[in-house]
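First up is the structure itself, then whatever we jot down about it.
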Amino acid sequence: MPEGDVVHRAAGRLGRALDGRVLTRSDFRVPRHATADLTGRTVLETAARGKHLLTRVEGGLTVHTHLRMDGEWLVSPAGRRTPPGDRVRLVLANADWQAVGVRLGVVDLLRTETEHRVVGHLGPDPLGPGWDPQEAARRLAEQPGRSIGEALLDQRNLAGIGTIYRAETLFLAGVSPWRPVGALGDVPGIVEIAQRLMDANRDRADRVTTGDLRPGRGMWVYGRAGRACLRCGNRISRGEMGAQPQERLIYWCRRCQPD
Ligand SMILES: [Zn+2]
């Protein structure tokens, strides 16, 4: 599932292909905006806010997209064939490049001045320009009875963290995901680890949190249920926490992250 690092990289790719260029094609394949046409407008920029993408277009318009479970933006030279079937939700193209959004969870068009309606609730973004770790820690601590595992995934606390960075952050902090936030000694320390991991991976296609680039060694606990903890040798546990329907898998080492 795409997390903040993936979304920020997507914003970079979209920016390099679209910024400052005039759209020669816009194809919204969602019922609500099926007749929208941005042709002739210059793209100003694409900003990432947590897991949300905001592509701002001349004339005070913003294309809001979200990758959700497995969406992605494919950028290629203009005129390339787009993927077949109904996976394509949006195409934005200029004379040189085309950006094809496939399996996007959200495709919306709104006035730029109303962006706060879709991203105003988000907490600080560890990869964003206005990153504010104190504010992130303050928001996390607001519900002391909640488990840190659930609180970390709540985008109102920190924007951009998903199940992978949650699991890896808590392992490195030595904290059980089930611990209540109010029982933690060092919430700012957890925030700092999360930011460091995401920042280290923002320009890297293959996520690594261990510093070990060898295949199968890149993650401490995520996706490693039943295998030996890289630190203590104990079996890694897997569970579910938080509300469905989104994937809520949590991985942790019971010895390194005691309850
Ligand atoms: Zn361990």
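Quick rundown of the values:
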read-out	value
Qualifying positions in the stretch 206-238 - near the ligand (Cβ under 9 Å from one of its atoms) and β-branched (Val, Ile, Thr)	Val221, Ile236
Residue that is nearest to the ligand (Cβ to nearest atom) [pool: residues in the stretch 239-257 that are at pLDDT below 95 and assigned to a loop (DSSP other than H, G, I, E, B)]	Met241
The one condition in (1) surrounded by 17 or more Cβ atoms within 10 Å (Cβ to Cβ); (2) within 24 Å of the chain's Cα centre (by Cα); (3) within 16 Å of the ligand (Cβ to nearest atom) that Val187 fails to fulfil	(3)
Some residue of the stretch 225-236 being among the β-branched types (Val, Ile, Thr), touching a residue at least 40 places away in the same chain (Cβ under 8 Å) and either closer than 30 Å to Arg49 by Cβ or not in a loop (DSSP other than H, G, I, E, B) (or both)	no
Contacts under 6 angstrom Cβ, first residue in the stretch 1-15 being in contact (Cβ under 8 Å) with a residue 60 or more places away in the chain and within 14 Å of Asp125 (Cα to Cα), partner basic (Lys, Arg) and not in a helix (DSSP H, G or I), 6 or more apart	Asp5/Arg202; Val7/Lys51; His8/Arg202
Flag if Ser26 is buried (at least 16 other Cβ atoms within 10 Å of the Cβ), of a type in the set (S, T, N, Q) and either over 15 Å from Val119 (Cβ atoms) or not assigned by the TED database to the domain that holds Glu115 (or both)	yes
Among the residues listed as Gly145, Gly160, the single one being of a type in the set (Gly, Ala, Ser) and either within 24 Å of His64 (Cα to Cα) or modelled with pLDDT under 95 (or both)	Gly160
Selected residue (only one of Arg207, Arg217 is open to solvent by 10 Å² or more (accessible area, probe 1.4 Å) and either part of a helix (DSSP H, G or I) or under 26 Å from Val119 (Cβ atoms) (or both))	Arg207
Among residues of the stretch 190-204, those that are touching a residue at least 40 places away in the same chain (Cβ under 8 Å), farther than 18 Å from Arg248 by Cβ and surrounded by 19 or more Cβ atoms within 10 Å (Cβ to Cβ), counted	5
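The values are calculated or read from the model by the stated rules, or taken from the named source; none is laboratory data. Please read these numbers as outputs of a predicted model, since none were measured by experiment. Backbone-built Cβ (ideal geometry, glycine too); neighbour counts: all protein chains shown. We work out accessible area using only protein heavy atoms, side chains counted, and drop any ligands, DNA or RNA first. Shrake-Rupley method; radii C 1.70, N 1.55, O 1.52, S 1.80 Å.
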